[in-house]
Amino acid sequence: MNRNIKKLVSVLLCLVLAASMSTAAFAGLETTTAPEETGSDTDSIIDKEALGAQVQALVDRYAAANSIKASQVSIAYTYLATGDTWFLNPDTWYYSASLYKVPLMMILAERQAKGELSPDSMIENTSLADTETAALVYSNNDVAHASLRYISGKTDKKESEKATRPLYMAYSDLPENYYHSDFVNYSYFSARFMNDVMETLYDESSSFPNLIDLLKQAEPGKYLRLNLGDTYQIAQKYGYYKDSRQTVWNNITGIIYTPNPILVTVMTADAAKGEQFMGEAAELFVNYTLELDSQLEAHRQQLALAQAQAEAEAKAQAEAEAQAAAEAQAKAEAEAAQRKAEQEQAVKQAEKIERADARKESMGKILKYVGYAGGAILFILVLVGVFTSVRKRRVKDEDEFDSERDDGYDDFDYEKAPKAKRFFRRNRRGDDDEDDEPDDDLDDEELDDEELDDEEEDNAPRFVRASARKTYYDDNDVNTPDVEEGSVNKRFAEDDAEDEVEDEDEAEDEEPVKSGRFKGFPSFRRGASERFEEDEDDVPPARTSRSSGGYVPKH
């Protein structure tokens, strides 16, 4: 009973161990996103579909024979004559084993090329030359660990490895975000990364002296040389490691010097007979490369023609773009010139409108002032017209009065000279009574209506006043009027004195004549004397206008 239980427990433990080993074997098979590739498949000389079909058939046959999956294999191939590549699962990460010794030795060799080191420089206890030989030809781990400590300056193995691994990235064009975290922590590589490192070593071999020659000595008759033998020179480095979980990591990378060299990298995880598969893959790629060599010249001509065509298209496109840019610039300049012209036209139009407004405003002001002046002139003309009309009317009345007087006293119309009539009648009424009382024939109402104030009396024509005095003298038979205080005679005497002064002033201004002191005086006197003699009741005629040369007699 106890024996059976022990057997059952042993079986269960074996199953658990097998399951754990299977899980561990695939724990590192993680992938990262592939970087964006440049170029196009049409420019590549590699027929990726044809090559992919051949390699896939080989992988499927190998996986079926060894009970593995195709995803446990990664391959990278580069045709160095054109730089074209082909990949199978290139971004899956594998434990690198001894592959890390290639970029590690590249760091030291580059320092040698820069003069920082020499072949005799000691890397701990070993010269640089011996260190490179031991690491690449014989894959010695001790010199590799010494190199890690030398480069990082750290004595601890894990710390020195973590400090040195980031330096490997300098030999690849892959972006930093491409790398898996296990790259630094556990030295996991991808086929794409390892292929870039080998391409850098090939393209810049002068920066890494002796390394390719040492790799050509490594593993004769094995790995890539397994099926090819010594037909071609091969610079290769393998990496093989079996961990505590019995997981086998078997990798190979190398340069096969066919007429046009190629790069081949194969990485496997827990794949039995991995070296045999690598030898068959190398033979497949060499045969395919030889086919490419026969097509290379035609491909180069095709590429040259395509490049020329592309350059012509690019030139045509550049010329078209330049022409379009020139047209756009010309259009922009034309639009700018048009906008400038429109702006100038707008400015001119605005200035024109402004000048018109200014002229209009000035003309308005002028018309305003002209209106004011015209109004003033019109007002003055009206005043002058009124004054002239009044003056003409007065002159006309005086002339008509003089004319009627010259024609005879009986024809004199007192209605045309109401002031003269009233003055004359007033004085006549006053002369009828020695006591200066009004005529009884005139009632009080008529006397009040006909009575003149002092201003009207003073403004009465001189000949009227003279006629009144003459009438008064004749009616009262008075030759020399008595001048008494408050009497009518005194007023007449005062008027006579004033008239004499006025006559003297007028005589000085008038032009003298030969027939007398003033022209017309004798005839006037004769005419007046005759008329007075004919009718004593009539008012003797006399001239009122100084300009007419009239004469007012004084008694």
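The values are calculated or read from the model by the stated rules, or taken from the named source; none is laboratory data. What you see is a predicted model, and the numbers here were worked out from it, not measured in a lab. Quick reminder, even Gly has a Cβ in these numbers, built from the backbone with ideal geometry, and neighbours come from all protein chains shown. Heavy atoms of the whole protein, side chains included, go into the accessibility calculation; ligands, DNA and RNA do not. Shrake-Rupley method; radii C 1.70, N 1.55, O 1.52, S 1.80 Å.
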Surface accessible to a 1.4 Å probe, per residue, for the residues of region 211-252, Å²: 46
Shape call, region 268-316: gyration tensor on alpha carbons, a/c limit 1.5: oblate
For region 34-157: relative contact order, % (alpha-carbon pairs under 8 angstrom, 6 or more apart): 15
Region 54-116 - percent of accessible surface contributed by carbon and sulfur, probe 1.4 Å: 44
Neighbour-limited loop hits for trypsin sites (Lys or Arg not before Pro), region 303-406 (at most 15 other Cβ within 10 Å; DSSP other than H, G, I, E, B): none
Accessible surface, region 59-207, averaged per residue in Å² (probe 1.4 Å): 42
Between region 197-236 and region 76-140, the alpha-carbon center distance in angstrom: 11
Region 266-377, accessible area per residue, ligands and nucleic acids excluded (1.4 Å, Å²): 71
Accessible-area value, Asp397, 1.4 Å probe, nucleic acids and ligands omitted, Å²: 50
Percent accessible area from carbon and sulfur atoms, region 187-328, protein chains only, probe 1.4 Å: 47
Spacing of the two label points (7 Å from each Cα toward its C-beta) at Ser205 and Val390, in nm: 13.9
Region 116-158 - percent relative contact order, Cα under 8 Å, separation 6 or more: 28
